[in-house]
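Read through the structure below, which is laid out as structure tokens, and then see the notes.
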Amino acid sequence: MHHDAEACVRAVQAKDARFDGWFFTAVLTTGIYCRPSCPVVPPKPENMQFYPSAAAAQLAGFRACKRCRPDATPGSPQWCTRADVTARAMRLIADGVVDREGVGGLARRLGYSTRQVERLVTAELGAGPLALARAQRAQTARTLIESTTLPMTDVAFAAGFASLRSFNATVSEVFALTPSELRRRAGGGRRGRGLPVDGTWHHVALRLPFRRPLHPDSLFGHLVETRVPGVEEWRGGAFRRVLRLDRGPGIVALTPAADHVAARLRLSDLRDLGSAVARCRALLDLDADPVAIDAHLREDPHLRHLVEAAPGRRVPRTVDAGELALRVVLGQQVSTAAARTLAARLVAAHGTPVTDPEGGLTHAFPSPEAVAGTDPQALAMPHSRRRTLVALSTALAAGEVRLGPGEDWAKARADLAALPGIGPWSVEVVLMRGLGDPDAFPAGDLGVRAGLSSLGVAGAADTRRARERWRPWSAYAVQHLWASGDHAGARMPRDPADEPAA
């Protein structure tokens with residue numbers, strides 16, 4: 001969009017928050033860059049330049065605006081809806097792959113040469129993978145500076161910087177403030193001795209922004225209704241779950257608010273903060289563009305009243321696509337309650353124990369390697385489903401099926417379908433909730449069929465025609481169909497303490 005200067009100028013003059021993350025506005029007279037919805041008086045059009053990413057604006061020598069904080073905007077929604085190499089690269093960069101494995105590791109995951117990846121990403125984003133990862137490190141550092149009392153040396157290494165010198169230089173360049181000045185402006189006062197620590201956990205509290213509107217009822221309702229006991233729970237108005245991160249486990253509590261989702265993180269290693277935030281955003285589908293999605297679905301006469309009644313529905317996704325795939329197999333041909341019971345048994349037997357001082361979380365979900373090493377006879381389920389679970393976990397552990405954030409959706413579809421016992425329903429649910437394919441459509445799902453029936457859509461031919469009208473947002477149509485019934489997953493969860501006694 002940044003190439004259409006006229007459209008960008010209109011968005012800036014209207015302070016239209018829908019375009020935050022789509023492009024960034026650099027002001028030639030002040031040397032700063034802003035989000036389109038910046039509250040200050042818009043500059044003259046001749047003093048504006050537009051960039052596709054914060055990293056590109058930083059490379060051009062512009063500093064982040066102190067008023068609108070463009071580095072903290074929701075990510076561009078196109079990285080959630082596209083399956084090309086650049087979009088896959090952006091999802092991997094957000095997950096911290098460049099910081100952990102370098103640009104070479106990013107290229108290997110994508111199946112391209114380093115030079116080709118750098119060329120493709122730079123052509124579209126105006127900055128290469130290293131610059132994009134640097135911009136992300138700067139934002140992680142700002143979060144730690146402003147929300148903790150951690151010493152600056154610890155902040156630098158937790159944010160992924162190789163040295164204190166590069167940390168100081170980057171923060172000063174990007175924000176036109178030293179790290180100490182950023183902390184004073186945030187009300188942090190003098191440097192403290194460290195983070196609040198509870199046992200082995202480091203605490204971080206932050207806000208996760210999103211594009212309005214967001215309809216939280218069915219989003220949180222579905223996550224809570226399908227929760228795995230010991231791994232996930234609803235407590236105190238927050239969805240809490242254990243995260244299996246690269247350097248150790250974490251726990252997050254997510255609470256919806258009017259203009260953000262409050263996230264309280266407990267991390268065993270602060271270097272996992274960036275990837276933990278990216279996975280929480282993916283879990284709640286916070287980078288979606290609900291205005292564009294709703295406008296498309298509203299054109300269908302069958303869905304119009306559902307969209308108008310509940311704009312901003314999101315897809316309840318996951319923090320780990322491999323975990324979700326295993327849970328989908330456990331849930332094949334059984335009720336939601338039975339699937340919870342099976343998953344809880346698997347977690348208790350093979351999950352990684354964690355200590356939760358606040359609630360009832362006990363384990364991280366077992367890794368594919370742990371599930372692959374189990375005795376199939378010990379799994380209390382039909383033989384065919386045991387065979388499917390072991391085959392899937394073995395394929396995931398061996399890398400024969402890959403379900404990470406940067407995977408090719410078409411290849412993942414084919415690889416999953418080739419496994420014994422993985423049918424179209426399982427494949428589409430994994431693509432929809434695990435990999436974020438916005439056009440995934442589990443046509444055989446009971447909730448989808450019930451929703452279609454209530455709309456007067458009957459038969460395979462009518463379903464195909466309806467699905468063609470909904471493309472490329474079929475997964476969001478599924479959310480409206482799921483929520484059209486009267487069940488707990490369509491409503492905001494209640495705290496167990498508020499439930500009537502049995």
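The values are calculated or read from the model by the stated rules, or taken from the named source; none is laboratory data. Since we're looking at a predicted model, the values are computed, not measured. Note that we place each Cβ from the backbone using ideal geometry, even for glycine, and neighbour counts take in every protein chain shown.
Here are the numbers for the structure shown:
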| item | result |
| --- | --- |
| Positions within region 4-62 being polar (S, T, N, Q) and assigned to a helix (DSSP H, G or I), in sequence order | Gln13, Asn47, Gln58 |
| Out of Arg304, Arg281, sole residue that is free of Cβ contacts under 8 Å to residues at least 60 places away in the same chain and of a type in the set (D, E, K, R) | Arg304 |
| Looking only at region 249-278, and only at residues there that are in contact with a strand residue (DSSP E or B) (Cβ under 6 Å, 6 or more places away or on another chain) and part of a loop (DSSP other than H, G, I, E, B), the one that is nearest to Asp154 (Cα to Cα) | Asp269 |
| Per-region count, region 140-160, residues in contact with a Lys or Arg (Cβ under 6 Å, 6 or more places away or on another chain) and in a helix (DSSP H, G or I) | 2 |
| Options Gly451, Gly436, Gly404: the member that is within 20 Å of the chain's Cα centre (by Cα) and crowded, with 20+ Cβ neighbours inside 10 Å | Gly436 |
| Region 327-344 - residue that is over 15 Å from Ala370 (Cβ atoms) and not hydrophobic (A, V, I, L, M, F, W, C) and, of those, surrounded by the fewest Cβ atoms within 10 Å (Cβ to Cβ) | Ser335 |
| Residue match in region 300-307 (condition: among the basic types (Lys, Arg), touching a helix residue (DSSP H, G or I) at 6+ places or on another chain (Cβ under 7 Å) and on the phi < 0 side of the Ramachandran plot) | no |
| Inter-residue pairs, beta-carbon under 7 Å, first touching a residue at least 24 places away in the same chain (Cβ under 8 Å) and within 19 Å of Asp320 (Cβ to Cβ) and in region 385-399, second in a helix (DSSP H, G or I) and among the acidic types (Asp, Glu), 6+ apart | Ala397/Glu369 |
| Residue within region 393-412 that is hydroxyl-bearing (Ser, Thr, Tyr) and under 25 Å from Arg279 (Cα atoms) present | yes |
| Members of region 371-396 that are at pLDDT 90 or above, closer than 23 Å to Glu428 by Cβ and among the small types (Gly, Ala, Ser) | Ala391, Ser393, Ala395 |
| Residue check, Gly75 of a type outside the set (D, E, K, R) and over 29 Å from Ala17 (Cβ atoms) | no |
| Test set (1) crowded, with 19+ Cβ neighbours inside 10 Å; (2) farther than 16 Å from Thr140 by Cα; (3) out of contact with any helix residue (DSSP H, G or I) (no Cβ under 7 Å at 6 or more places or on another chain) - Met90 fails condition number | (3) |
| Residue selected from region 1-38 under the condition closer than 23 Å to Leu177 by Cα and over 27 Å from the mean Cα position of the chain (by Cα), by the criterion surrounded by the fewest Cβ atoms within 10 Å (Cβ to Cβ) | Thr29 |
| Scan of region 432-465 for residues that are touching a residue at least 40 places away in the same chain (Cβ under 8 Å) and out of contact with any Leu (no Cβ under 7 Å at 6 or more places or on another chain), ordered by number | Met432, Gly436, Pro438, Leu455, Gly456, Val457 |
| Qualifying helices (runs of 4 or more DSSP H) (wholly inside region 73-115; at least 2 residues being among the basic types (Lys, Arg), over 20 Å from Leu286 (Cα atoms) and assigned by TED's automatic domain parsing to the domain that holds Leu206) | none |
| Count - residues of region 395-445 that are among the small types (Gly, Ala, Ser) and not in a helix (DSSP H, G or I) | 10 |
| Close pairs from region 160-186: first within 15 Å of Glu146 (Cβ to Cβ), partner acidic (Asp, Glu), Cβ under 6 Å, at least 6 apart | Ala186/Glu146 |
| Residues (buried (at least 20 other Cβ atoms within 10 Å of the Cβ), of a type in the set (Lys, Arg) and in a loop (DSSP other than H, G, I, E, B)) located in region 279-326 | Arg313, Arg314, Arg317 |
| Unmet requirement for Asp486, which otherwise passes all of (1) of a type outside the set (Lys, Arg); (2) assigned to a helix (DSSP H, G or I); (3) at pLDDT below 95 | (2) |
| One residue from Ala133, Ala72 being touching a helix residue (DSSP H, G or I) at 6+ places or on another chain (Cβ under 7 Å), crowded, with 22+ Cβ neighbours inside 10 Å and not charged (D, E, K, R) | Ala133 |
| Test result for Ser180, among the small types (Gly, Ala, Ser), at pLDDT 90 or above and farther than 28 Å from Asp320 by Cβ | yes |
